[in-house]
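Shown next, in structure tokens, is the structure this report addresses.
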Amino acid sequence: MTSENTNTPPVCSYEGSDYQTSFWDTANRRYEDAVETVALNKLFNQGGKLLLELGAGAGRVTPRYKNWDRIVLLDYSRTQLLQARERLGESDSYIFVAADIYKLPFVSGLFDGATMIRTLHHMADAPRTLREVRRVLAEDGRFLLEFANKRNFKAILRWILRGQHWNPFAPEQVEFVKLNYNFHPKTIAKTLREVGFEKQKHLGVSFFRSDWFKNNIKHERLVSWDSRLQNFAPLNTFTPSIFTLNRALGASPLPPEGQFFACPVCALPLPESKATQICPGCAHEWQYKEGIYEFRINPES
């Protein structure tokens, strides 16, 4: 499912999807969910004032972010955010925003931290994505990024056996399914540096992402093995999933007093208000409905 936004790359949308149920709740992915939680606890266990969760979906990971005063759940899909509201309940600690990551609707320097898990692999323009994340982070803000690693053991084996045409050692990203991308870890590291991040730590995750392992070895044992190997170099750069913790370098502008959002069309600052707003700069109407801020330029619903 895709949607086109003016002057931005195509967007992968989960509007109307049962992704949470079909991919996580009823599929055989308890192992992946558990080892991602292990990595998250290792890398991102400090809280703060304001966290931006990019690609939050139905809120699967949100409760695992501890000690944050407020969390902004951002996703392109409104229906996914409605599921997240149902899952998390009514709370002033959560802010739900439907928006395009390529045009984040926030003033610069607003957030103390940001996370992006299982989301970059849908972004056709990774540098533009990461540049936007850096823009909305405060000075020394923390950014936890997960990305799909093209240089993983299974991909290398398939390439050697000529079961796939693309080279897992080549630096460019590969689109293996429409709007689904794998990245080379060195390319992601280089891009992070170029847009203003300093990598602090990384972990390899999902060493045993195979139905054979999940069906034949006790779940707790697999998770324990994965936890021990996540820090083990150089093997932890050949896993299908890599988590990196990064720090925003250099100065960030201070958000204007009383301003929170920024118009995705003209970038004019806007206040946080639980009401529909009309931008005084471009006259675009940004709706607030069912507890969700609508900042998609061309909304699907």
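Condition test on Arg209, is it of a type in the set (Lys, Arg) and either closer than 20 Å to Val72 by Cα or touching a Pro at 6+ places or on another chain (Cβ under 6 Å) (or both)?
Criteria met by Arg209.
Select from the range 234-251 the residues that are under 18 Å from Pro168 (Cα atoms) and in contact (Cβ under 8 Å) with a residue 12 or more places away in the chain and write down the one among them that is surrounded by the fewest Cβ atoms within 10 Å (Cβ to Cβ).
Initial filter on the range 234-251 (under 18 Å from Pro168 (Cα atoms)): 234-242.
Cutting the leftovers down to in contact (Cβ under 8 Å) with a residue 12 or more places away in the chain gives us 235-242.
Details: Leu235: 13, Asn236: 19, Thr237: 16, Phe238: 18, Thr239: 25, Pro240: 20, Ser241: 22, Ile242: 26.
Only one residue tops the list, namely Leu235.
Has the range 61-76 got any residue that is over 12 Å from the mean Cα position of the chain (by Cα), surrounded by 20 or more Cβ atoms within 10 Å (Cβ to Cβ) and not aliphatic (A, V, I, L, M)?
The answer is no; no qualifying residue exists.
Return the residue satisfying two criteria in turn: it lies in the range 150-162 and is at pLDDT 95 or above and surrounded by fewer than 13 Cβ atoms within 10 Å (Cβ to Cβ), and of such residues it is nearest to Arg118 (Cα to Cα).
It comes out as Leu157.
State whether the residues of the range 111-118 include one that is more than 24 Å from Gln46 (Cβ to Cβ) and touching a residue at least 24 places away in the same chain (Cβ under 8 Å).
Filtering the range 111-118 for residues more than 24 Å from Gln46 (Cβ to Cβ) gives none.
So far as the range 111-118 goes, no, none of its residues is more than 24 Å from Gln46 (Cβ to Cβ) and touching a residue at least 24 places away in the same chain (Cβ under 8 Å).
Which one of these is in contact (Cβ under 8 Å) with a residue 60 or more places away in the chain, crowded, with 21+ Cβ neighbours inside 10 Å, touching a His at 6+ places or on another chain (Cβ under 8 Å) and of a type in the set (Phe, Trp, Tyr): Phe143, Phe147?
Numbers: Phe143 fails: touching a His at 6+ places or on another chain (Cβ under 8 Å).
Criteria check complete, one pass: Phe147.
Could you give me the residue pairs with C-beta distances under 8 Å whose first residue belongs to the range 279-292 and is over 18 Å from Pro269 (Cβ atoms) and of a type in the set (Asp, Glu), whose second residue is surrounded by 13 or more Cβ atoms within 10 Å (Cβ to Cβ) and modelled with pLDDT of 95 or more wherever it lies, and which are 6+ apart or on separate chains?
Hits for this filter: Glu290/Leu82; Glu290/Arg85.
Listed residues Ala56, Ala27; which is assigned to a loop (DSSP other than H, G, I, E, B), surrounded by 14 or more Cβ atoms within 10 Å (Cβ to Cβ) and at negative phi? If you could, list the steps in order and put the result at the bottom.
Values: Ala27 fails: surrounded by 14 or more Cβ atoms within 10 Å (Cβ to Cβ).
Ala56 is the lone residue from the list that is assigned to a loop (DSSP other than H, G, I, E, B), surrounded by 14 or more Cβ atoms within 10 Å (Cβ to Cβ) and at negative phi.
Among the listed residues Val136, Val195, Val174, which satisfies the condition of being surrounded by 16 or more Cβ atoms within 10 Å (Cβ to Cβ), without any contact (Cβ under 8 Å) to a residue 40 or more places away in the chain and of a type outside the set (Gly, Ala, Ser)?
On the way: Val136 fails: without any contact (Cβ under 8 Å) to a residue 40 or more places away in the chain; Val195 fails: without any contact (Cβ under 8 Å) to a residue 40 or more places away in the chain.
Unique residue meeting the criteria: Val174.
Looking at the range 65-84 only, could you name the residues that are modelled with pLDDT of 95 or more and more than 22 Å from Ile297 (Cα to Cα)?
Across the range 65-84, the qualifying residues are Tyr65, Trp68, Asp69, Arg70, Ile71.
Identify the residue in the range 202-260 that is at pLDDT 95 or above, of a type in the set (Gly, Ala, Ser) and under 21 Å from Arg29 (Cβ atoms) and, among all such residues, is farthest from the chain's Cα centre (by Cα).
Ser224
The values are calculated or read from the model by the stated rules, or taken from the named source; none is laboratory data. Computed from a predicted structure; not experimentally measured. Because the Cβ atoms are built from the backbone with ideal geometry, glycine has one as well, and the counts that use them run over all protein chains shown.
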